[in-house]
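The values are calculated or read from the model by the stated rules, or taken from the named source; none is laboratory data. Given the structure is predicted, the values throughout are model-derived calculations rather than measurements. Because the Cβ atoms are built from the backbone with ideal geometry, glycine has one as well, and the counts that use them run over all protein chains shown.
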Amino acid sequence: MIWTEQQIPRQDGRVAVVTGANTGLGFETARQLAERGASVVLAVRDTAKGQLAAARMSGDVSVQELDLTSLESVRAAAAALRVTHPRIDLLINNAGVMYTPKQTTRDGFEMQFGTNHLGHFALTGLLLDQLLPVPGSRVVTVSSTGHRIRAAIHFDDLQWEHSYGRAAAYGQSKLANLMFTYELQRRLAEHGTTVAVAAHPGLSDTELVRNTPAVVRRPLTWVASLIGQPATAGALPTLRAATDPSVLGGQYYGPDGLAEGRGHPRLVTSSPGSYDLTVQQRLWAVSEDLTGVRFPVGRAAVV
């Protein structure tokens, strides 16, 4: 079946929190959900830009300040959301940074790992109590085909203090997104209400490449415009993972075209290393220690 935006079911009565929703993939994801009746929260670092984005959407749309580079901000945002939205149906971990120069978050984490993985790990753990009682609720985390490029979880140097490569650090963060999803799904399975799903947008034309060095950014932008797809299409794998009734926990969705660069969303597989249970569980334990966030779900059984 070719899955298009026409297959997105009505979302009336559902609450969706979308991180990084003021631009690109997050904007398109939030817009489609709002148009179909969901109450959508744009969780963004810059609330002024968030308000401008909300004004371009129809439906029930609100803005919540969230800076994923600061655990203090993540905790404050989660606390505010628990008050304003005691029930959450969809948490879409979309925001991300790519190929940043070597720098750290406010908590001292390498920027890509800290933002793309640890920030979302903490936010999910702090909001999970709002999802667990809700039948059909989902946590959707956006990864990337970049999880295959020079990617591994470098436990001996997670924060890239001894060496740094933009592509390798990005790959680690996107691999962590997938491993988090798979481990979270096993922990959620016993509850039977909430599921964890992953998606990737293929090669989408967004602002994500803004931190890429110009010598790389220019050809990458050209390639994206030639064989990639616009953000409206790039958001569809996320939207399918979030709304398709046939989706199962632990699945991964991406485009169906050549090298998953563009096309209609379908079920895809991630790299063999992403399914390593031992690494998934070690990453989970390290992430809990680094963020100080403990999830209200028990340790997953290894099967």
Residue within the range 190-201 that is part of a helix (DSSP H, G or I) and either in contact with a Phe, Trp or Tyr (Cβ under 8 Å, 6 or more places away or on another chain) or on the phi > 0 side of the Ramachandran plot (or both) present: no
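Scan the range 96-111 for residues that are charged (D, E, K, R) and either more than 15 Å from Ala122 (Cα to Cα) or without any contact (Cβ under 8 Å) to a residue 12 or more places away in the chain (or both) and jot them down. Spell out the reasoning first.
Going through the range 96-111, the residues charged (D, E, K, R) turn out to be 102, 106-107, 110.
Scanning the range 96-111 gives Lys102, Glu110.
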Filter result (surrounded by fewer than 15 Cβ atoms within 10 Å (Cβ to Cβ), over 21 Å from Gly192 (Cα atoms) and modelled with pLDDT of 95 or more) within the range 233-272: Thr269, Pro272
Selection from the range 1-20 of residues that are buried (at least 24 other Cβ atoms within 10 Å of the Cβ), aliphatic (A, V, I, L, M) and closer than 16 Å to Ala241 by Cβ: Ala16, Val17, Val18
Filter result (outside any loop (DSSP other than H, G, I, E, B) and of a type in the set (Asp, Glu)) within the range 255-292: Glu260, Glu288, Asp289
Inter-residue pairs, beta-carbon under 6 Å, first more than 21 Å from Ser73 (Cβ to Cβ) and in the range 1-30, second of a type in the set (Lys, Arg) and at pLDDT 95 or above, 6+ apart: Trp3/Arg240; Ile8/Arg36; Arg10/Arg36; Gln11/Arg36
Residues of the range 124-150 classified as more than 21 Å from Ala231 (Cα to Cα), surrounded by 23 or more Cβ atoms within 10 Å (Cβ to Cβ) and of a type in the set (Ser, Thr, Tyr), total: 0
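Okay, residues lined up against (1) in contact (Cβ under 8 Å) with a residue 24 or more places away in the chain; (2) among the basic types (Lys, Arg); (3) closer than 16 Å to Gly114 by Cβ; (4) in contact with a strand residue (DSSP E or B) (Cβ under 7 Å, 6 or more places away or on another chain):
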residue: Thr145; (1), (2), (3), (4): yes, no, no, no
residue: Arg148; (1), (2), (3), (4): yes, yes, no, no
residue: Ala152; (1), (2), (3), (4): yes, no, no, no
residue: Arg166; (1), (2), (3), (4): yes, yes, yes, no
residue: Tyr170; (1), (2), (3), (4): yes, no, yes, no
residue: Ser173; (1), (2), (3), (4): yes, no, yes, no
residue: Val195; (1), (2), (3), (4): yes, no, no, yes
residue: Ala199; (1), (2), (3), (4): yes, no, no, yes
Unique residue being at pLDDT 95 or above and surrounded by 18 or more Cβ atoms within 10 Å (Cβ to Cβ) when the list is Phe121, Phe155: Phe121
Residues being buried (at least 21 other Cβ atoms within 10 Å of the Cβ) and more than 14 Å from Ala95 (Cβ to Cβ) - total across the range 40-62: 3
Filter result (among the polar types (S, T, N, Q) and more than 23 Å from Thr29 (Cα to Cα)) within the range 85-127: Thr100, Gln103, Thr104, Thr105
Subset of the range 124-179 [part of a strand (DSSP E or B) and of a type outside the set (A, V, I, L, M)]: Arg138, Thr141
Gly250 more than 30 Å from Ala78 (Cβ to Cβ) and of a type in the set (Gly, Ala, Ser): no
